[in-house]
Amino acid sequence: MFVVLLLLTGCGSEVKTIYLDEMDLASMQTGWGQNQLNKSVDGNPLTIAGQVFEKGVGTHAISKFMMDLNGHGKQFSAKVGVDDESGDKATMEFFVMGDGKILWQSGIMKKGDPAKAVDVKLNRIQKLALYVSDGGDNINYDHADWAESIITFTGDAPVPVIPAKQESYILTPPTSPEPRINYPRIFAAGQSKPFLFRIPVTGEQPIKISATGFPEGLKLDENTGIISGETANAGTCKIEVTATNQKGTDVKEIEIVIGGKLALTPPMGWNSWNCWGLSVDQQKVKAAAEIFVKSGLAGHGCAYINIDDGWEAAERTKNGELLANEKFPDMKALADDVHHLGLKLGIYSSPGPKTCGGYLGSWEHEMQDAQTWAGWGIDYLKYDWCSYDEIAADNSLPEYHKPYLKMRKCLDAINRDIIYSLCQYGMGNVWEWGGEVGGNLWRTTGDINDSWASMSGIGFGQEQSSPFAKPGNWNDPDMLVIGKVGWGPDLRETKLTPDEQYTHISLWSLLSSPLLIGCDLTQMDEFTMNLLTNDEVIGINQDPLGRQAVKISDEANKQVWMKKLSDGSMALGLFFTGSNIPEEAFSWDGNPQSAKVGITWNELGLQVKQTVRDLWRQKDLGVFDSGFETDVPYHGVVLLKVSGAK
Ligand code: GAL
């Protein structure tokens, strides 16, 4: 019977076809959103330069998909192009690759370019890969269509290659049971304004914390390390803090600066958006604050618990007062709970009539809202442009400045320190003027998501903002996308691989970015916790010099970034980004990829030999005469501290 069948089918040589949209595309990676069958990534008909296609796959650069043909492929045909729903500046390049080689490439395609036809012979190809690059300019609204994509084959149908899931691995040594006074070691507050700072200390409890040299009016709780009160003594004073437990003692100096700028190091904490989206509520926020203390994150410097959009009531009171909605029954009590733990509470609003989530904004109620927040005890405001588009007269700089200056004045008029976080996605090069309109930090880009393309596009795209970062004024490349995220009630594990997560935290530390955790803190695993509690890495982020790293070298798929530190040393990130070279975007033999990445002391302007320390492993690697080179995993990093050797 079997022989007869084989004869009838010509020994399996019958030519068959399969459309790309008929395959299991679970392993197709997309830079943003979800791949769509027979639709664009936004769910519209696949449309390239006005031509509508019934069949195909809508994806988003950077996109990758690999399949096993086992030599049975004959032909791959498609019509590819930039979907009409893309951003006006969208560019991308389509690649068809076989066994490590480029078989066809589209050249850079722009929005409005007619679809290009692909017809590639697949004779004897084992592995076929489809790749869409970002065209070399990041992934903003790069909606890519593989329309009418069809594979002709004989024998067995192509099988998607599911990339092996990288197992997480922990590099940070366990937190010492001995007392450690961590970062930040500098804190600023207003003159004669409520003062609250929890000294970041880790170690086996109970720990007794004492300090000398306080400005008048402040007091320390020796059991918790919480300093509170208020002082009229403007200026800088250095307090000597001693932390003692059964295992030993640590002594460190902490600077308290009264009456100047706030946020002298990048804010560290949590924001509700990347996990809970609009489903945030009081209980979840309170739980986050409690976990900060219980898990030890507060001891590693995390202080801000920030509520994002979704807390506002549908209507103001008759007097125009802004209220919280039913999910936040008592905002004042919540702030008290958070303060009781020595932590700070942040809130969110928009200068427009509506927030991005459609809730009430502060338009024409700015002063009243600032007073409401001060009354509740709010310590941080994220002020998000959103519907202010309807109000702004045009896209000029004065119009960009206006709403932020207005709220600045209101915040100055209340008797409370409120960190001011501007959010307008980088419009008008906000890094050039965000400090002038009174911002302590400002978002430099659109929203981050948990894909490599998004995180790396944002993180490695921060070069031009670098000169503008300084104590009190920080570039904000958006919140962290590690752990369980989801932007809504349903959460899932981040899509970033463990190596990509090491890159994320290393890069954000080098960039002096705010470290705002975006995941559900109640579900953090050991790996996520270890990513967030390496004090040598945090020390790079919280370095009081406040420099932002600059790119030293960018060699196709490798980058080296350097941040100058207050003690005269340098932090270095050696990254293997792999993103520009399509051939290297895939592992053709199924093994994990890595590359040698290095730097010479000459390139860093250093003349003498240097001691090199691996910050994730917290281990000295030795003294090196003229430079350093090491293996870096795909999309991963080696984070170093380099200091002049004696
Ligand atoms: C976006 C903002 C996000 C989040 C969201 C809330 O504009 O970039 O970070 O705050 O609004 O609706």
Loop trypsin sites (Lys or Arg not before Pro), segment 302-334 (other Cβ atoms within 10 Å of the site Cβ: 10 or fewer; DSSP): 318
Percent breakdown of C-alpha pair distances by 10 Å bin, ordered from the shortest bin, for segment 268-548: 7, 31, 39, 21, 3, 0
Spacing of the two label points (7 Å from each Cα toward its C-beta) at residue 330 and residue 526, in nm: 4.0
Contact order normalised by residue count of segment 392-472, Cα under 8 Å, 6+ apart, percent: 25
Whole-Å distance, taken between Cα centres, linking segment 129-146 and segment 382-407: 31
Peptides 228-241, 473-486, 429-442, 91-104 ordered by average Cβ neighbours within 10 Å, highest first: 473-486, 429-442, 91-104, 228-241
Near-label residues of segment 157-195 by backbone N, under 19 Å of a point 7 Å along Cα→Cβ of residue 594: 164-173
Long-range tail of P(r) for segment 180-258 (Cα pairs > 14 Å, %): 56
Principal-axis tilt of helix 498-510 within the chain, Cα atoms, nearest 10 degrees: 40
Kirkwood hydrodynamic radius of segment 144-299, Cα pairs, Å: 19.6
Sites residue 406 and residue 234 - FRET efficiency at Förster radius 25 Å, r taken between beta-carbons, to 0.05: 0.40
Value of [θ]222 nm, deg cm²/dmol, for the chain, DSSP H segments ≥ 4, -39500 (n - 2.57) each, nearest 500: -4500 deg cm²/dmol
Whole-Hz couplings from phi, Karplus 6.51/-1.76/1.60, listed for segment 421-438; x for Gly and Pro: 10, 7, 9, 8, 6, x, 4, x, 6, 3, 4, 6, 9, x, x, 5, 8, x
Derived scalar couplings ³J(HN,Hα) [segment 272-285; Karplus, 6.51 cos²θ - 1.76 cosθ + 1.60; whole Hz; x for Gly, Pro]: 6, 5, 5, 9, 8, x, 7, 8, 5, 8, 4, 4, 5, 5
Förster radius 25 Å - calculated FRET efficiency between residue 554 and residue 617 (Cβ-Cβ, nearest 0.05): 0.45
Computed over the chain: relative contact order in percent, which uses C-alpha pairs under 8 Å that are six or more apart: 11
Extension gain from residue 216 to residue 156, taking 0.36 nm per residue of separation minus the Cα-Cα distance: 13.6 nm
Crossing angle, helix 366-376 versus the chain [Cα axis fit, 0-90 degrees, rounded to tens]: 70
Carbon/sulfur fraction of accessible area - the chain, other protein chains in place, 1.4 Å, %: 50
Neighbour net charge for residue 599 - beta-carbon separation under 11 angstrom, K R +1, D E -1: -2
Residue-normalised accessible area of segment 129-244, given per residue in Å² at a 1.4 Å probe: 46
Segment 3-160: mean projected area of Cα convex hull, nm²: 8.9
DSSP-assigned coil residues among GluC sites (Glu not before Pro) in segment 350-390, each with at most 16 further Cβ atoms within 10 Å: 364
Percent breakdown of C-alpha pair distances by 10 Å bin, ordered from the shortest bin, for segment 551-644: 16, 48, 25, 10, 1
The chain, Rg to Rh (Cα coordinates; Rh as Kirkwood inverse mean 1/r): 1.01
Above-threshold pairs, the threshold being 23 Å between Cα atoms, out of 564/609; 470/558; 208/238: 470/558
Charge tally in the Cβ shell below 10 Å around residue 83, where Lys, Arg are +1 and Asp, Glu are -1, residue 83 excluded: -3
Neighbour cut-off at most 13 other Cβ (10 Å), DSSP loop, GluC sites (Glu not before Pro), segment 476-564: none
Residues with amide H under 5 Å from that of residue 380, placed H, sequence gap 5 or more: 347, 419
In degrees, nearest ten, helix 397-413 long axis to first principal axis of the chain (Cα): 30
Rel. contact order, % - alpha carbon contacts under 8 angstrom, at least six apart, segment 268-548: 19
Accessible area per residue, Å², segment 551-644 with all protein chains present, probe 1.4 Å: 44
Inter-probe distance in nm under a simple model that places probes 7 Å from Cα toward Cβ, at residue 13 and residue 192: 9.6
Whole-Hz couplings from phi, Karplus 6.51/-1.76/1.60, listed for segment 342-348; x for Gly and Pro: x, 10, 10, 10, x, 9, 9
5 Å-binned pair-distance histogram of segment 423-473 (Cα, whole percent): 4, 21, 29, 23, 14, 6, 1
Alpha-carbon radius of gyration plus Dmax, which is the widest Cα pair, for segment 297-409 in Å: 14.8, 46
Whole-Å distance, taken between Cα centres, linking segment 460-523 and segment 601-646: 24
Solvent-accessible heavy-atom area per residue, rounded to whole Å², over segment 268-548 at 1.4 Å: 32
Solvent-accessible surface (1.4 angstrom probe) belonging to residue 490, in square angstrom, nearest 10: 120
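The values are calculated or read from the model by the stated rules, or taken from the named source; none is laboratory data. Only a predicted model underlies this, so the values are computations on that prediction, with no experimental measurement involved. With ideal geometry, Cβ positions are generated from the backbone for all residues, glycine too; neighbour counts draw on all protein chains shown. Quick note on the areas: whole protein, heavy atoms, side chains included, nothing else; ligands and nucleic acids left out. Shrake-Rupley method; radii C 1.70, N 1.55, O 1.52, S 1.80 Å.
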